[in-house]
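Okay, so here's the structure we're looking at.
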Amino acid sequence: MATLEDPIEIGGVTIPNRLYRAPLLECAGNGPDAVDVLIDDLEPAAESGVGLICQGATIVRGDGGCAAPGMTRVHDPDFVKRLSRLTERIHDHGSRIFVQLEHGGLRSMETWHAEYRREHPDLEQLAVSRPPWQLRLLDRLGFLSYDPHVLSTDEVYDLAADFGRAAASAVDAGYDGIHLAGANMGIVQQFLSPFYNQRDDEFGGSPEARLEFLAVVHDEIRERAGDVPLMTKVPAETPTPPAPVVRRKLSLEDGIEIARRLEKIGYDAVVPVQTSVVWDMSIVRGAYPERAWTNEGLQAEYDAAFGGATRKRLVSLANRIQSLQYDFEPTWNEEFCRRVRERVSIPVLAEGGIREREEMDQLLGSVNNESDNPDTPVCDMVGMARPFYAEPRLGARLLESGTGGNKNERTRVLCESCNNCTVPQVTGAPGICRTPDVLRARGELEREGAYERPES
């Protein structure tokens, strides 16, 4: 069975080991210091030995589509050329880097960020279909603001072409692969989901037709960027509220079937994730981020984002309720990944609640797990996101700890899944750990040399 240190091949590209940094918000934007910000964010993981770095969601168009402030856009080939400095730095450490391509659609800032809407009054949201009644209700109540533009058939093809053009520019800049943002309420999930997709053309009307957008994106990338490794997140909308609140959603079986069809289309790897039909804490399960919400230095920015103190308090209350509903659960995508891996022959990547080296070994099958098939690996690579905010050079600790489920304290990440890193990002604040206990523990490990690679 594979170990964390073993190499793996995705679409013809060899990844030196099976640990990856999952996509996160870098909040680098497109300004003159954007590349330096990305290097500062991503290079430490490569320095620590992480095999694959997945740059966070980048937007394929020049207007609209950002789900949060400070997201980087990759529509401009001249800007993307500058990113070769980033890819070269990652390659200097022997790691590989994939870029995640995205468009927010109905999740874009122009629906929820009050100040952004005032500054961009003419922006429309790209929509797969007319927004579901649940979102229209939130619009009438004043929590969201929708002015959707439902894509025509020709415009869907144009959007797919933008994904292809962005992929080609990225490959020219040295990126090793393309990772599509197929979940977390982005435009790809909106095409896949019966909650959003009520189209009556070739992109809707059946599960096969709802998958057609990903097929066209695949073809565009292959035509423009060649045989670059291509993977995507695959959603199952299992944490979604039940009927009658939401009647149409992607079941676990639907997600498994999507993954199976993606392999036939020609995708090189999949990342199965359980996610809601909307952006909520099912995506980042864990504690209510009390410290973030009470941070005095962020109150004015929260007011600007949410449209005033009252709405800020309502969002905070919703956040608290969701934290009770979606409490932290170790390896919460494990069953989904296992069932997908039983149906496909391409690599399956697992993320979501992975916090210990022993869990990684169990998922990879290098030590026995407690499933009905203890000798069958759940996945082929394991990834984490928020723990890299807490420990940018986390790879050195995990890869140094060795195989076999060594249970000493150095093999567990410091991240407490408290989410104090995520909420401030609605203001454009950088993704960093803000929890004193975690930062003190990291400092102790730094003094002990825990983040130095053994060979260095």
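The values are calculated or read from the model by the stated rules, or taken from the named source; none is laboratory data. What you see is a predicted model, and the numbers here were worked out from it, not measured in a lab. Neighbour counts are summed over all protein chains in view; Cβ atoms, including those assigned to glycine, are modelled from backbone coordinates with ideal geometry. Side chains are part of the model used for accessible areas, which takes the heavy atoms of the whole protein and leaves out ligands, DNA and RNA. Shrake-Rupley method; radii C 1.70, N 1.55, O 1.52, S 1.80 Å.
Observations on the structure shown:
- Taking the range 6-93 and the strands (runs of 3 or more DSSP E) fully enclosed by it, the elements with 3 or more residues that are touching a Pro at 6+ places or on another chain (Cβ under 9 Å), modelled with pLDDT of 95 or more and of a type in the set (A, V, I, L, M, F, W, C) are at 52-59.
- Within the range 204-223, if we keep just the residues that are more than 19 Å from Ala259 (Cβ to Cβ) and in a loop (DSSP other than H, G, I, E, B), the residue that is least open to solvent (accessible area, probe 1.4 Å) turns out to be Gly204.
- The C-beta contact set for the range 289-303 (first residue closer than 18 Å to Ala114 by Cα, second residue open to solvent by 50 Å² or more (accessible area, probe 1.4 Å) and outside any helix (DSSP H, G or I), distance under 9 angstrom, 6+ apart or interchain) comprises Tyr302/Asn295.
- Candidate set from the range 405-425 (those that are open to solvent by 30 Å² or more (accessible area, probe 1.4 Å) and not in a loop (DSSP other than H, G, I, E, B)); member that is modelled with the lowest pLDDT: Glu409
- Filter result for Gly255 (under 17 Å from the mean Cα position of the chain (by Cα) and on the phi > 0 side of the Ramachandran plot): no
- The range 272-284 - residue that is open to solvent by 20 Å² or more (accessible area, probe 1.4 Å) and in contact with a helix residue (DSSP H, G or I) (Cβ under 9 Å, 6 or more places away or on another chain) and, of those, nearest to Cys66 (Cα to Cα): Trp279
- Those residues of the range 136-191 which are outside any helix (DSSP H, G or I) and aliphatic (A, V, I, L, M), in sequence order: Leu141, Leu144, Val150, Leu151, Ala173, Ile178, Leu180, Ala181, Ala183, Met185
- Breaking point among (1) at pLDDT 95 or above; (2) part of a helix (DSSP H, G or I), for Thr331: (2)
- Subset of the range 304-314 [open to solvent by 50 Å² or more (accessible area, probe 1.4 Å) and either in contact with a strand residue (DSSP E or B) (Cβ under 9 Å, 6 or more places away or on another chain) or free of Cβ contacts under 8 Å to residues at least 24 places away in the same chain (or both)]: Thr310, Arg313
- Condition check for Ala243: surrounded by fewer than 21 Cβ atoms within 10 Å (Cβ to Cβ) and either in contact (Cβ under 8 Å) with a residue 24 or more places away in the chain or of a type in the set (A, V, I, L, M) (or both): yes
- Conditions (1) touching a Pro at 6+ places or on another chain (Cβ under 8 Å); (2) within 30 Å of Asp327 (Cα to Cα): number failed by Gly286: (1)
- The residues on offer are Gly174, Gly226, Gly182, and the sole one that is under 25 Å from Ala22 (Cα atoms), in contact (Cβ under 8 Å) with a residue 40 or more places away in the chain and open to solvent by less than 20 Å² (accessible area, probe 1.4 Å) is Gly182.
- For beta carbons closer than 9 Å, sequence separation of 6+ or different chains, a first residue in the range 316-345 that is farther than 22 Å from Met384 by Cβ and a second that is in a helix (DSSP H, G or I) and small (Gly, Ala, Ser), the qualifying pairs are Arg343/Ala259; Val344/Ala259.
- All positions within the range 222-231 that are among the hydrophobic types (A, V, I, L, M, F, W, C) and under 20 Å from the mean Cα position of the chain (by Cα): Val228, Leu230, Met231
- Residues being open to solvent by 40 Å² or more (accessible area, probe 1.4 Å), outside any loop (DSSP other than H, G, I, E, B) and more than 18 Å from Val188 (Cβ to Cβ) - total across the range 246-264: 1
- The lone exception for Lys264 - which of (1) closer than 29 Å to Gly177 by Cβ; (2) in contact (Cβ under 8 Å) with a residue 60 or more places away in the chain it fails: (2)
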